[in-house]
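The values are calculated or read from the model by the stated rules, or taken from the named source; none is laboratory data. It should be emphasised that the depicted structure is a prediction, and the values quoted were computed from it without experimental measurement. Counting neighbours? That spans all protein chains shown, and the Cβs are built from the backbone with ideal geometry, glycine included. In case anyone asks, the SASA skips ligands and DNA or RNA and just uses the protein heavy atoms, side chains included. Shrake-Rupley method; radii C 1.70, N 1.55, O 1.52, S 1.80 Å.
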Amino acid sequence: MMTGDSHAVAGDKPVADKLARHIPVLARRAVGWLDVHAGGLYIDATFGAGGYTRAILETPGARVIGIDRDQSAVAAGVALVEAAQGRLELIEDRFSNLASIAGSAAVDGIVFDLGVSSMQLDEAVRGFSFRLDGPLDMRMERAGPSAADVVARASERDLAAIIARLGEENRARAVARAIVRTRDGSAIDTTRALADIVTRVVHAREGAIHPATRTFQGLRIFVNDELAELARGLAAAERALKPSGRLVVVAFHSLEDRIVKIFLNERSRAPAPSRHQPDVPPVPPTFRVLTRRPEMPDEAEIADNPRARSAKLRAAERTDAVSRSTAIEALLPHLPSLAEIMRGRP
């Protein structure tokens, strides 16, 4: 891993030449909150197309560890690694492992850009988009059970719970019922097939999102265990950041943002004392929240990237308090695990 002191290197210009493309919405503001400086070490926990990494590398001497669980993103980032001339290390892994990836290095800042990337949505074979016909996959790592497996194996009750709680779809029961009725006659193994089923029971309204949006969102989050991964990633960031290190998170829907908000609220104040253990010393806060309210894209940023309309940015600064070991389960909705679905729940 990247350790030790760093200095500006000759050859920063080739990196700067590549910075104009793939700059995601709110990236400039996120990097501003990171307070990037020469010699600093930063973790781009969701490398994707490398937009945040490029923005960080604009500061001469800044170093980045980029993490992505999608092997396609890591492979596509090889050219940027070469251009960075030793200032970028790119790792295929889950960001919940970022503390062990960083090791003993003092990390100055960590940025998360949550959800599915434009690259994944625009590639039909990945099966993330209802607008492109392809296999019903949705796996970020291309390993383990796919969305088609979940649709084929989950009970009607579990499907309804997944779509309702993770997709926030009001017609989740009707969607689940239609899926089960259809799969009894034929396999649902393409994005077009699933989207057609959903649009028969969730009717389109003028100016509203596509009827299949929420169902696809719920299945994608479930297949990739995204909310638990986020909660673990935030706890890992708490362990990895040095005092005064910055944490910046950009979320795109309410479930993600709720987890980030609760985590930062809890970590930025001391827990209430217990009447059962009155002599236990108070636990000091591990973060100081920097954004009183989440920052959101302005009209110009939305016009440039309409997918980012719902983006919310939250930032916090690490204190010198010892990391907490609070369980993450309280942050998550109650649902069966992917393993339970594949085994077949009683």
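Descriptive notes on the structure:
- Condition check for ALA240 on (1) among the small types (Gly, Ala, Ser); (2) surrounded by fewer than 23 Cβ atoms within 10 Å (Cβ to Cβ); (3) in contact (Cβ under 8 Å) with a residue 40 or more places away in the chain: one failure, at (2).
- The range 155-174 - residue that is farther than 15 Å from PHE216 by Cβ and either part of a loop (DSSP other than H, G, I, E, B) or of a type outside the set (A, V, I, L, M, F, W, C) (or both) and, of those, least open to solvent (accessible area, probe 1.4 Å): ASP158
- Check on ARG205, charged (D, E, K, R), open to solvent by 30 Å² or more (accessible area, probe 1.4 Å) and modelled with pLDDT of 95 or more: no
- The set of residues in the range 315-330 that are farther than 10 Å from GLU238 by Cβ and open to solvent by less than 30 Å² (accessible area, probe 1.4 Å) comprises ALA315, ILE328.
- Filtering the range 292-311 to residues that are open to solvent by 50 Å² or more (accessible area, probe 1.4 Å) and closer than 18 Å to LEU166 by Cα leaves only SER310.
- Hits in the range 128-167 (condition: of a type in the set (D, E, K, R) and modelled with pLDDT under 95): ARG131, ASP133, ASP137, ARG139, GLU141, ARG142
- One residue from SER104, SER96 being part of a loop (DSSP other than H, G, I, E, B) and either open to solvent by 20 Å² or more (accessible area, probe 1.4 Å) or within 21 Å of GLU226 (Cβ to Cβ) (or both): SER104
- Pair list, Cβ < 7 Å and 6+ apart or interchain, from the range 34-47 residues that are closer than 26 Å to GLY115 by Cβ and open to solvent by 10 Å² or more (accessible area, probe 1.4 Å) to residues that are part of a loop (DSSP other than H, G, I, E, B) and among the aliphatic types (A, V, I, L, M): VAL36/ALA62; THR46/LEU114
- Residue among ASP70, ASP35, ASP122, ASP44 that is modelled with pLDDT of 95 or more and either closer than 25 Å to GLU226 by Cα or hydroxyl-bearing (Ser, Thr, Tyr) (or both): ASP44
- Yes/no for ARG205 being in a loop (DSSP other than H, G, I, E, B), basic (Lys, Arg) and free of Cβ contacts under 8 Å to residues at least 24 places away in the same chain: yes
- From the options VAL125, VAL64, residue that is in contact with a strand residue (DSSP E or B) (Cβ under 6 Å, 6 or more places away or on another chain) and β-branched (Val, Ile, Thr): VAL64
- Only one of THR191, THR215, THR182, THR199 that is over 30 Å from SER100 (Cα atoms), buried (at least 23 other Cβ atoms within 10 Å of the Cβ), among the hydroxyl-bearing types (Ser, Thr, Tyr) and over 21 Å from the mean Cα position of the chain (by Cα): THR191
- Filter result (assigned to a loop (DSSP other than H, G, I, E, B), open to solvent by 30 Å² or more (accessible area, probe 1.4 Å) and small (Gly, Ala, Ser)) within the range 48-80: ALA49
- Residue count for the range 297-333, restricted to those that are touching a residue at least 60 places away in the same chain (Cβ under 8 Å) and not in a helix (DSSP H, G or I): 18
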